[in-house]
Amino acid sequence: MVVWSAAASEARRRFSSLCLRISVAGPHPKRRRASLAAALHIFLIDSFNHTILNHSKDILFETERLYLRRLWPEDVGLLFDLDCDPEVMRFISKGQPTPMARMQNEYLPRILSYYRSWPPLGFWVAHLRASDEFIGWFHLRPDRMQPHEMELGYRLKRSVWGRGLATEGSRALIEKAFGPWGYRRVCARTLVVNLASRRVMEKAGLSFEHEFLWGLDVLPGCSEEERRGVKYSACVGGLTESSFEQSGDAG
Ligand SMILES: CC(C)(COP(=O)(O)OP(=O)(O)OC[C@H]1O[C@@H](n2cnc3c(N)ncnc32)[C@H](O)[C@@H]1OP(=O)(O)O)[C@@H](O)C(=O)NCCC(=O)NCCS
């Protein structure tokens, strides 16, 4: 039932996007015909991918040990539980959990709004392929400070840290971003003191760019020292096999 209603809402979403593509082509009949043909082509491929390849779990892609799938409103409890671990939230909110009301009213609508975009961006729930266990999430979204760049992010359950999973998911997202999705630049930001996150960025092939200060809107009540951040990035073509080799293995 859930699968069918999800499939129906996905089909509705894709159909609206098809209509939008045609309507923006303007009144000229030739332009509209060309646009209709192109839009139908994309619609059919997209529907085929969705129905045949992504099946009931709405999987974005799989890696050796993980699969990443879209998030549904009923997943809010998973996000809430993840943010209840003070160690997970140590460099995000000084260990404070995210209140359920904020999760429901602010984060969830924002996360769900991303799925209307193509190429893909937004938040992707991560599971272990072997057991289907939920382990956290990854995101790829326009960077807050430089929105023409795609910002990579991740938050995983403490029980799976240190197994190379953040690196594995990040590498796969970056490869997709520069490959089939056609993005030009990927970046990631964290606090200077979040050494595990910085290491993941390096191992995923990103290079240190510069330090900056997070705003008080992001880290309210924190001193300048506590708001010191670092930015890492890579551009298309700048990420090669050798950059993976130099940065070490995923494990
Ligand atoms: C950051 C995070 C995603 C890393 O996940 P992970 O699956 O453990 O990452 P990986 O195993 O792929 O790599 C972690 C690397 O950091 C290293 N590391 C971990 N803690 C470290 C520390 N305190 N100092 C230095 N390096 C550290 C690990 O040794 C490993 O590097 P290595 O393979 O060279 O040994 C995870 O710790 C997390 O979810 N933290 C809480 C949320 C968070 O801070 N997200 C990032 C916000 S920007």
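Computed from the coordinates by the stated procedures, all read-outs in this text should not be read as laboratory data. The structure displayed is predicted, hence computed values, not measured ones. Note that each Cβ is placed from the backbone with ideal geometry, even for glycine, and that neighbours are counted across all protein chains shown.
Could you give the alpha-carbon Rg of region 59-243 over 2.2 N^0.38 Å, rounded to two decimals?
Rg over 2.2 N^0.38 Å, computed on Cα atoms: 0.98.
About the Cα centre, and with charges only on the beta carbon of Lys, Arg (+1) and Asp, Glu (-1), how big is the dipole of region 121-198? Nearest 20 debye, please.
Numbers: 13 positive and 7 negative charges, 34 e Å.
With Lys and Arg at +1 and Asp and Glu at -1, about 160 debye.
Rounded to the nearest 0.05, what FRET efficiency do Leu213 and Arg90 give with R0 = 22 Å and r taken as the Cβ-Cβ distance? Could you check?
Numbers: r = 19 Å, r/R0 = 0.87.
FRET efficiency, Leu213 to Arg90: 0.70.
Have a look at Leu79, Gly205, Ala101 and report the one farthest towards the positive end of the charge dipole of region 59-243, computed about the Cα centre with Cβ charges (Lys/Arg +1, Asp/Glu -1).
Gly205
Starting from the Cα-Cα distance between Ala196 and Met100, subtract it from 0.36 nm times their residue separation and give me the gain in nm to one decimal.
Roughly 31.9 nm would be gained on extension.
Positive end of the charge dipole of region 59-243 (Lys, Arg +1 and Asp, Glu -1 on Cβ, about the Cα centre): tell me which of Leu68, Pro142, His127 has its Cα farthest that way.
Pro142
Tell me which aspartates and glutamates have Cα within less than 12 Å of Lys157's Cα, excluding those fewer than 8 residues away on the same chain?
Excluding near neighbours in sequence, the set is Asp81, Asp83, Asp85, Glu87, Glu133.
Evaluate the distance, in nm, between pseudo-label points positioned 7 Å from the Cα of Ile59 and of Ala130 along their respective Cα→Cβ axes.
In this crude label model, Ile59 to Ala130 measures out at 1.7 nm.
Work out the FRET efficiency for Val76 and Arg163 from their Cβ-Cβ distance, taking R0 = 22 Å, and round it to the nearest 0.05.
Taking R0 as 22 Å, the efficiency between Val76 and Arg163 is 0.25.
Are there GluC sites (Glu not before Pro) in region 154-202 that DSSP marks as loop and that have at most 12 other Cβ atoms within 10 Å, and which are they?
Answer in residue order: no site qualifies.
Collect residues whose amide H, placed 1.01 Å from N in the peptide plane, falls under 5 Å from the amide H of Glu209; neighbours closer than 5 in sequence don't count.
When sequence neighbours closer than 5 places are left aside, the close amide H contacts are Lys231, Tyr232, Ser233.
Karplus couplings for region 110-121 from phi (6.51 cos²θ - 1.76 cosθ + 1.60, θ = phi - 60°), rounded to Hz, Gly and Pro as x?
Per residue, the Karplus-derived 3J(HN,Hα) values read 5, 4, 5, 5, 5, 5, 7, 9, 9, x, x, 8 Hz.
Which trypsin sites (Lys or Arg not before Pro) in region 76-137 sit in a loop by DSSP (not H, G, I, E or B) and have at most 16 other Cβ atoms within 10 Å of their own Cβ? Present the calculation step by step, with values, prior to reporting the outcome.
Working: sites: Arg90, Lys94, Arg102, Arg110, Arg116, Arg129; in loops: Lys94, Arg129.
Passing both the DSSP loop test and the Cβ count: Lys94, Arg129.
For region 105-175, what's the relative contact order in percent, using C-alpha pairs closer than 8 Å and at least 6 residues apart?
19
Could you size up the charge dipole of region 59-243 around its Cα centre, putting +1 on the beta carbon of Lys and Arg and -1 on that of Asp and Glu, and report it in debye to the nearest 20?
In total the dipole reaches around 200 debye.
Can you work out the Karplus-derived ³J(HN,Hα) for every residue in region 68-75? Use 6.51 cos²θ - 1.76 cosθ + 1.60 with θ = phi - 60°, whole Hz, and x for glycine or proline.
The phi angles translate into 10, 10, 6, 9, 10, x, 6, 7 Hz.
In nanometres, what is the gap between the two model label sites at Glu226 and His148, each 7 Å from Cα along Cα-to-Cβ?
3.5
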